[in-house]
1. Using the Cα centre of the chain as the reference point, and only Cβ charges (+1 on K/R, -1 on D/E), how large is the resulting charge dipole? Debye, rounded to the nearest 20.
2. Rounded to the nearest percent, how much of the accessible area of region 31-71 (1.4 Å probe, protein heavy atoms only) is carbon and sulfur?
3. Around Pro12, with a cut-off of 11 angstrom between Cβ atoms, what is the net charge of the other residues, counting Lys and Arg +1 and Asp and Glu -1?
4. Using +1 at the C-beta of Lys and Arg and -1 at the C-beta of Asp and Glu, which of Ala46, Pro12, Gly71 has the Cα lying farthest in the positive direction of the dipole of the chain?
5. How many nm is it between the label spots at Arg51 and Leu4, if each spot is 7 Å from the Cα in line with the beta carbon?
6. Using the C-alpha gyration tensor of the chain, what are the square roots of 5 times its eigenvalues, in whole angstrom, with the largest one first?
7. What does the helix-only formula give at 222 nm for the chain: each DSSP H stretch with n ≥ 4 adding -39500 (n - 2.57), the total divided by the residues, and the result rounded to the nearest 500 deg cm²/dmol?
8. How long is the gain from Ile15 to Asn42 if the chain were fully straight, where each residue apart is worth 0.36 nm and the alpha carbon distance is subtracted?
Amino acid sequence: MRILHVSSEYPPTPIFGLGRYVHDASREMARQGHTVHVLTNNAPDASQDAREEGVFVHRTDLCPPKPPAPG
């Protein structure tokens, strides 16, 4: 199966719940033999296109994640 995840956060950027979930789920899906691509934000010192732990990671300028509103 071919899978695409679109996520505003993904390692090595500091990650919160979404980034951690996408990272872990993507690696597991790739380990099971699926072709997995992740489209995410640029990160300092990270290549724009890479294969990391079996996952194809594509970095571009997406909207930056926003912290939750207080309250």
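1. 160
2. Summing carbon and sulfur atoms, their accessible area is 55 percent of the total for region 31-71.
3. -2
4. Ranked along the dipole, the leading option is Gly71.
5. Going from the Arg51 label point to the Leu4 one covers 2.0 nm.
6. They are 22, 14, 10 Å, listed largest first.
7. Theoretical 222 nm ellipticity from helices: -7000 deg cm²/dmol.
8. Details: separation 27, 0.36 × 27 = 9.72 nm, distance 1.32 nm.
Additional length available on full extension: 8.4 nm.
The values are calculated or read from the model by the stated rules, or taken from the named source; none is laboratory data. Source: prediction; values computed, not measured. For neighbour counting, all protein chains shown are included, and Cβ atoms are generated from backbone atoms with ideal geometry for every residue, glycine included. These accessible areas exclude ligands, DNA and RNA; they are computed on the full protein's heavy atoms, side chains included. Shrake-Rupley method; radii C 1.70, N 1.55, O 1.52, S 1.80 Å.
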